[in-house]
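Remarks on the structure that follows.
A short reminder: the numbers here are calculations on the coordinates, not readings from a lab. Worth saying up front: this structure is predicted, and the values here are computed from it rather than measured. So basically every Cβ, Gly included, is an ideal-geometry build from the backbone, and we count neighbours across all protein chains shown.
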Amino acid sequence: MNAYHRIMLAVDLTEESRPVAERALALASASGAELHIVHVIEPLSLAYGGDVPMDLSAIQDQIHEQARSHLTEFAQGLGINESRRHLIFGRPENEIQRTAEINKADLIVVGSHGRHGLALLLGSTANGVLHGAPCDVLAVRVGQTTEK
């Protein structure tokens, strides 16, 4: 098995992103890979089905600026320089795949809640990324509960 050369870390910038980032950082360090980070902002019109009767551009701009600030802070903490930070606007699973392809990533690292039942059937971002990815995908389990 060849080592990975370029790893794409996909984060939602919540607290759960930290263990996912630590796993990606360890893999990049162990294989000497270049680590990229991507955060996708989902347009409010997609999140709310496009039926919002007002102009959301000012709110969307505010969300974008806040995401840029959080991504900068998060990436700096990981030592990822600006040229390897990707803040994208769109549908997360599609944009993560596209960004990985453009940057020739050979591994995408995402967080997964390990849902089952109905949530699994409906799909999650990790599931969406997995099924269309141009490369290997590592789903790091996050948000585990103690129930069995």
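Once amide H atoms are placed 1.01 Å from N in the peptide plane, what residues at a sequence separation of 5 or more from Phe89, or on another chain, have their amide H within under 5 Å of its amide H?
When sequence neighbours closer than 5 places are left aside, the close amide H contacts are Ile41.
List every residue whose amide H lies under 5 Å from the amide H of Asp136, counting only residues 5 or more places away in sequence or on a different chain, with H placed 1.01 Å from N in the peptide plane.
Residues meeting the amide H criterion: Ile108.
Compute the length gained on full extension between Asp61 and Ala3: take 0.36 nm times their separation in residues and subtract their Cα-Cα distance, giving the result in nm to one decimal.
Fully extending the segment from Asp61 to Ala3 adds 17.0 nm.
Students often get this wrong: which residues of the stretch 1-43 have the backbone nitrogen under 18 Å from the point 7 angstrom along Cα-to-C-beta of Ile102?
Residues 6-12, 35-43 qualify, since their backbone N sits under 18 Å from the label point.
Using a simple spin-label model with points 7 Å from Cα along the Cα→Cβ vector, what separation in nm is obtained for His70 and Asn94?
Once both label points are built, they end up 2.2 nm from each other.
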